[in-house]
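Engineer: So that we are looking at the same thing, I have put the structure below in structure tokens.
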Amino acid sequence: MNVSDFASKGAKPLGLVVSLGIPRSLTQKEIKQIGKGLNDGAREYEAYVLGGDTNETSDLIISVAIFGVPGNANLTLRDGAQPGDILATTGPFGLTSSGLRMLKEKLPTPTKIKKKLADSVLMPHARLKEGLALAKTGAATASIDSSDGLAWSLHEISRASNVGFIIDNPPIANEAREFAKLHNLDPLELSLYGGEEYELILTIKPSCWREAREAVIREGGDLIRIGETVANKTLLIKQKNKLVKIEARGYEHFKN
């Protein structure tokens, strides 16, 4: 989660400080596994766990604070989107919401897509290399990570930048389409209103689109054009040749 937020801002993480609240019931082996997991997660993104604090608690608490440096002179914020900018993502959506339903409800799923759906929930990956590459190009005018859901994240950029969006190429993962068809679900609902996807959602200057996409591809990722930025603050998505309003739904922190 921390690294994904850094990725959306074009910042490179360097160190992590971890606060652990450990119940008496945890064994020494389990505590060592937590430490190894934290270290493995940090090293995956070329960062280090530098220390932190440990206390006894009634429930297990793992709280991570991260610091680093911007990959460019300026961080990519949420308030810079302009009408005419290309709306893009670093990947498709719907995998995690499909995978969560598969795991929680024990829904039968074809073997060919089962692992990918499960991995999206159990082994998420932040798009750090892509975020840093985009920061170097200066092509992105606004950026956010999608952990609170595609729809909610779009509304966040819309509010910060005073713009709207029209999506004419919905970024629905093929596996999510197959899962939705199998269980009579709406693939658009799965892709818009899920969460914990950890893709980046960006607005890109049209003149820099080719440079931006090539920079991401060089890092082994992709940049998918899904729509455009418009002056009207309404958020719309094309569905069966009709424009449908994108609701402000998703995960909202501290919502009552």
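Bear in mind these aren't lab numbers, they're just calculated from the coordinates by the rules spelled out. On a predicted model such as this, the values are computed, not experimentally measured, just so you know. Heads up, the Cβs are rebuilt from the backbone with ideal geometry, glycines too, and the neighbour counts pull from every protein chain shown.
Engineer: In whole Hz and in residue order, list the ³J(HN,Hα) couplings for the range 172-186 that follow from phi through the Karplus curve 6.51 cos²θ - 1.76 cosθ + 1.60, θ = phi - 60°; x for Gly and Pro.
Structural biologist: 9, 5, 4, 5, 5, 4, 5, 5, 5, 5, 5, 10, 6, 10, 8
Engineer: Can you list residues whose amide H is under 5 Å from Val230's amide H, if they're 5+ apart or on another chain and H is modeled 1.01 Å from N?
Structural biologist: Gly84, Gly164, Phe165, Ile166
Engineer: In addition: So how do Leu185, Leu16, Leu200 line up by other beta-carbon neighbours within 10 Å, fewest first? Kindly include the intermediate steps, with their values, before the conclusion.
Structural biologist: Details: Leu185 18, Leu16 23, Leu200 29.
Sorted ascending by nearby Cβ count, the order is Leu185, Leu16, Leu200.
Engineer: Also: Going by C-beta contacts inside 10 Å, put Asp53, Asp145, Asp119 in order with the fewest on the left.
Structural biologist: Working: Asp53 10, Asp145 23, Asp119 14.
Ordered from fewest to most neighbouring Cβ atoms within 10 Å, Asp53, Asp145, Asp119 come out as Asp53, Asp119, Asp145.
Engineer: With a Förster radius of 25 Å, plug the Cβ-Cβ distance of Glu30 and Asn174 into 1/(1 + (r/R0)^6) and report the FRET value to the nearest 0.05.
Structural biologist: Values: r = 38 Å, r/R0 = 1.52.
According to the calculation, E is roughly 0.10.
Engineer: Using modelled amide H (1.01 Å from N, peptide plane; none on Pro or chain starts), what sits under 5 Å from the amide H of Val49, excluding residues fewer than 5 places away?
Structural biologist: Leu16
Engineer: Give Lys9/Lys136; Lys12/Lys136; Lys36/Lys115 a once-over and call out the pairs whose C-alpha atoms are over 18 Å from each other. The partial results should precede the final answer.
Structural biologist: Numbers: Lys9/Lys136 11 Å; Lys12/Lys136 12 Å; Lys36/Lys115 24 Å.
Cα-Cα > 18 Å for Lys36/Lys115; rest within.
Engineer: Same structure again: Residue by residue through the range 147-162, what is 3J(HN,Hα) from phi via Karplus (6.51 cos²θ - 1.76 cosθ + 1.60, θ = phi - 60°)? Round to whole Hz and write x for glycine and proline.
Structural biologist: 5, 8, x, 4, 4, 5, 5, 4, 5, 5, 5, 4, 5, 6, 9, 6
Engineer: Give me Asp59, Asp186 sorted ascending by neighbouring Cβ count inside 10 Å, so fewest comes first. Walk me through the intermediate numbers first.
Structural biologist: On the way: Asp59 7, Asp186 11.
Ordered by Cβ neighbours within 10 Å, fewest first: Asp59, Asp186.
Engineer: I've got another one for you. Enumerate the aspartates and glutamates that Lys116 could reach by cross-link, defined here as Cα to Cα under 13 Å, with residues fewer than 8 away along the same chain left out.
Structural biologist: Straight-line reach from Lys116, under 13 Å: Glu175, Glu178, Glu197.
Engineer: Rounded, prolate or oblate: which fits the range 86-245 when a ≥ b ≥ c are the square roots of the eigenvalues of the alpha-carbon gyration tensor, with rounded for a/c under 1.5 and prolate only if a/b beats b/c?
Structural biologist: Values: a/c = 2.10, a/b = 1.39, b/c = 1.51.
Note, shape of the range 86-245 comes out oblate.
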